[in-house]
1. Could you check, for region 81-93, whether at least one of its residues is crowded, with 21+ Cβ neighbours inside 10 Å and away from the ligand (no atom under 16 Å from the Cβ)?
2. Given the conditions (1) closer than 30 Å to Ser16 by Cα; (2) acidic (Asp, Glu); (3) surrounded by 13 or more Cβ atoms within 10 Å (Cβ to Cβ), report the number of the one that Glu74 does not fulfil.
3. Taking region 314-353 as the search range and keeping residues that are assigned to a loop (DSSP other than H, G, I, E, B) and among the charged types (D, E, K, R), which one is surrounded by the fewest Cβ atoms within 10 Å (Cβ to Cβ)?
4. Would you mind listing the strands (runs of 3 or more DSSP E) fully within region 129-240 where at least 1 residues are within 13 Å of the ligand (Cβ to nearest atom) and aromatic (Phe, Trp, Tyr)?
5. Evaluate the following for Gly534: is it part of a helix (DSSP H, G or I) and over 30 Å from Lys587 (Cα atoms)?
6. Quick check on Ala544: is it of a type in the set (A, V, I, L, M), more than 26 Å from the chain's Cα centre (by Cα), assigned to a loop (DSSP other than H, G, I, E, B) and under 30 Å from Glu469 (Cβ atoms)?
7. Select from region 501-531 the residues that are polar (S, T, N, Q) and in a loop (DSSP other than H, G, I, E, B) and list them in ascending order.
8. Restricting to region 108-126, name every residue that is closer than 26 Å to Ser368 by Cβ and more than 16 Å from the ligand (Cβ to nearest atom).
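The values are calculated or read from the model by the stated rules, or taken from the named source; none is laboratory data. Keep in mind that what you see is a predicted model, and the values were worked out from it rather than measured. FYI the Cβ positions are ideal-geometry reconstructions off the backbone, even for glycines, and counts take in every protein chain you see.
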Amino acid sequence: MATKKNSAKPAAEAISEKIVNLAPHTESGSGELMTTNHGLKINDDQNSLKAGERGATLLEDFILREKITHFDHERIPERIVHARGSAAHGVFKVYESQAALTRASFLSDPELETPVFVRFSTVAGSRGSTDLARDVRGFAVKFYTQEGNFDLVGNNMPVFFIQDAIKFPDLIHAVKPEPDNEMPQAASAHDTFWDFISLMPESAHMIMWAMSDRALPRSYRMMEGFGVHTFRFVNEQGQSNFVKFHWKPLLGVHSVAWDEAQNISGKDPDFHRRDLWDAIESGAFPEWELGVQVVPEADEFKFEFDLLDPTKLIPEELVPVQRIGKLTLNRNPDNFFAETEQVAFHVGHVVPGIDFTNDPLLQGRLFSYTDTQLIRLGGTNFHEIPINRPVIPVHNNQRDGHMRQTINKGKSSYSPNSLGGNDPAQAKAAEGGFTSYNERIDARKVRQRSKSFFDHFSQARLFFNSQSEPEKNHLTDALTFELGKVKTVAIRERMLGILAQIDKGLAAQVAYGLGIHVPQVPEQPINKSIPADGNPADYQPIQAESSLTSSEALSMANTIKDSIVSRKIAILAADGVNEKALNTVKKALLAAGAVVEVIAPRLGFIVSENDEQIPVDQSFLTAASVLFDAVYVPGGTNSVASIEAEADAVHFLNEAFKHCKAIAADSDAIQVLEATYFSKKLPEDYTDETVLTEGVVIQSKPAKLAEQFIAAVAQHRFWEREKPRKVPA
Ligand code: HDD
């Protein structure tokens, strides 16, 4: 199925069945009188009840007590992982019926629009931490189908650190802030994380992803998503196929630079949250295509890796991704706590036609998610919270518990019963009753891992080999940074030993940055995740080579670069600006879907050459280049002189260049570029003629400039500028 183009609908239409279903639970105080929680109208919300105007507050003040008590209880525990997140409502539609593969009804009817709620997150940081941490991103989708809720609880990386859920608490303890001093926040660059990772070679492949630019997304809207595990599709005839789920963003997959990420964390820690919110508010609805890689049951053992091993992906060269439907996020939540915070995902929320495999990570997750909601949301009735309710009715014999909302009628709450006519009745498979896939299992009870899980390096190497030169440099720098923050030299060395198994050149470069040598490997066992009675020799990684030398889909350099929709573009201007140039370029950028802001020495208005008032969106004090994708400097003698003299403006341009962004200037604004450090890098003969050198556009004709600038912005970044490796600013 060919990629469908961006087809955003106006925000006003974004009312799905789930939005209708949430409506009775919404509240607005607009035009209403204030009441207590019990409906009593409040006359004075400013003063507590006192014994005399200078006297003590009275215990009798039930209004004060209710208000303070509720406030004292406002917080609930944050998620143990993925605490920091942001979410949106939307819809999903399948392109063509997938009934041959799965009986899931939401995948069988192209007319059917299934409401969804999607939450993106970082993993390690607390609720208040920065969006721009170097981290995996969660990509959790709740489909409110006519057969119940289906949750696809994935990440923006297709593999995971560990193979067995029993290691999850260890992994998370290692990455979270260290227990003695609660440092560092939202960062893996510390001893405990790398201590654990360096003892667990099964994490090698995921470490390549986590240290790559994938860990620094430009936007949630520009990330891929992956179900990670191999799941099953089961059709009406009971036939099963293995399936891997993918989300492919229609805006392409893009990242920011590490230096930029660190700056954004200070300038706007809500950068991704704001970006998602603003895009949806402006009608630039984020879209992804749902992709599936389908493997017939008969091919289970055909691959050089185990389909049940969550540290492996299926290269797209081996099994192409078929794009079967589209997800559109078209509405922001009304209330962060009620929706984004209280939404409860669970890999075990499936619908008929979707089933599990024996991937030991998936199997452990099937326990964890309900358990975590019980403590986080406070009891068994969390499914009754509006955002978690299915859009279809719920009937069973479960009863009561904290905060029960449902008023179950009738005498019988057991099955079988005769007093209630034996209802609610079980559903036959033909009526949509869920039946587990009838997989044959004939085995001994063991605590073991299959030998087919023991190749830890071949796909790590495949990933590294598939990266472009700038991506490889970023990955090398990321590892050097992270291990540079590790204090214990033995941990650094042990990690170099693992890197050397992946790529000797990579290990050597990181070692150089750390000022140490790559140890001789593998002299000693490197896997320390061994049972007490295990023989270390039986648990060491096996050496294997992927049959592919590289895989195109693994590099972000090969992503789509055909759109500037929702890219943020700064125009640096001051009084005396050439309004014709400014307006022409601005209009063209807006028409191409970009967001444009005029940045000037102060807020209010600037007055153009021809006395036109131009509103200013931000001053140099509030704006920063790291919050924009590209920058344009229009001409106009006085404006150009002011911008050239404005240190913040020159810094803005220098930094934009450093972060490899598209830059455009009118020919008569050239003196501004000459004030930057990168003027030396531009060809000398630029005048009126077009010069498109690594994303710097200099033009005298505004319409032509706009055209070239748009093409440059669509490229996203000109990473080649980083030669030799780093650009000072
Ligand atoms: Fe998990 C949350 C994704 C392994 C236990 N996980 C959580 C969220 C995402 C993932 C996106 C946030 C959901 C939201 O936005 O509310 N987790 C993954 C992926 C994994 C994975 C892609 C590996 C393939 N997780 C994993 C394991 C365990 C957990 C192995 C435990 C054995 N995950 C949890 C949890 C969380 C959670 C403790 C914390 C908050 C929550 O569930 O609702 O149950």
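1. Yes - at least one qualifying residue is present in region 81-93.
2. Every condition holds for Glu74 apart from (3).
3. Per the criteria, the residue is Glu317.
4. Details: elements: 137-145, 148-155, 231-234.
Qualifying strands (runs of 3 or more DSSP E): 137-145, 231-234.
5. no
6. Yes.
7. Restricting attention to region 501-531, the residues satisfying the condition of being polar (S, T, N, Q) are 501, 509, 520, 524, 527, 529.
Residues satisfying the conditions are Gln520, Gln524, Asn527, Ser529.
8. Residues of region 108-126 closer than 26 Å to Ser368 by Cβ: 114-126.
Within region 108-126, Thr114, Pro115 meet the criteria.
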